[in-house]
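Structure first, then comments.
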Amino acid sequence: MVTRVDNDFPADIIGLQVAEHGPDARVVTVTGEIDTLTAPKLATFLNEQLSAAQVVVVDLDGVEFLGSAGLSALFEANEQANRERRALRMVCHSRIANRALEATELRDQFTFADSVPEALKHST
Amino acid sequence: MTYVDSGTPMPNHGADPNSDESVLSLELRTTASTVSIPTIRTVAADLAARADFDLDSIDDLRMAVDDLCAMLVRIAAANATLYCTFTVRPERIEVAAETDVDDLADPLPTGSFAWRVLQCLADEVGATSVPAEPGRPGRVRITLAKDALTAPQP
């Protein structure tokens, strides 16, 4: 099941979709620009998914901008996952998002998988 | 939004300190609002691309300018203006942005997550403030410089 989430911005600014994979895993697909305008939406959304599922995969392949507010939202979600013993796994082949994670030396904070199926493989 | 391009000086503009033809100066004046920031960071990336910055440096500058503007917008006084000046030199872009603030109790966001990100992205960063006085708001200014080539990671 894929749910398109209504948000206040057109899809070309930020898009958030979630797909359920069994009772305990969800895949969040993020597209567009994650900045000060859109990061609060992402933060709330990830918080909801982590509250509902044991494994949350965040697919960042369609991200076209990742600013410090977006990095902060991802970092907070990761902290929540660690705190609540949930698994948050990232998939990211977006050059811009990868550059943001590398330049800010935040990449090591997160768990990455090569693909969504790979990220779901270890979910129960 | 105001666009000033010193490459085509206005008549009677006075002496331009950046009259060197190898230096381009561009100033944006916007409402200090989050909705202005995507435009400002896009201008930054465009200037860097035209100045032959490498891809990583273009991305870093785009993120750094976004971050810098977001920090200022967060502390700006109501209805304040955000002034953002780009100086494009050979191999280097300098950005200076400032805005009015009401409260200068703790005006410089230099301990924040955003500031730490800015330090990673830019080659130089700086922040200064002028305290408010009765009848006059305070002013916060953040500057950064970015080189055209990203230094290889150690």
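Just a few scattered comments:
- Test set (1) at positive phi; (2) part of a helix (DSSP H, G or I) - A:I96 fails condition number: (1)
- Filter pass, B:R116 being over 23 Å from A:A97 (Cα atoms) and over 11 Å from the mean Cα position of the chain (by Cα): no
- So A:L42, is it within 19 Å of B:F113 (Cα to Cα), away from every other protein chain (no Cβ under 14 Å), surrounded by 18 or more Cβ atoms within 10 Å (Cβ to Cβ) and within 11 Å of the chain's Cα centre (by Cα): yes
- Failed condition for A:F65, given (1) within 14 Å of the chain's Cα centre (by Cα); (2) in a helix (DSSP H, G or I); (3) not hydroxyl-bearing (S, T, Y): (2)
- Entry remark, the stretch A:84-109: residues being under 19 Å from A:D35 (Cα atoms), away from every other protein chain (no Cβ under 14 Å) and surrounded by fewer than 19 Cβ atoms within 10 Å (Cβ to Cβ) number 1 in total.
- Qualifying residue in the stretch A:80-91 (condition: out of contact with any Gly (no Cβ under 7 Å at 6 or more places or on another chain), closer than 27 Å to B:D56 by Cβ and either of a type in the set (V, I, T) or part of a helix (DSSP H, G or I) (or both)): yes
- Scope the stretch B:24-47; condition in a helix (DSSP H, G or I) and more than 13 Å from every other protein chain (Cβ to nearest Cβ); matching residues: B:V43, B:D46, B:L47
Every read-out reported here was derived from the displayed coordinates using simple, explicitly stated rules and does not represent laboratory data. These numbers were taken from a predicted model, which means no experiment stands behind them. With ideal geometry, Cβ positions are generated from the backbone for all residues, glycine too; neighbour counts draw on all protein chains shown.
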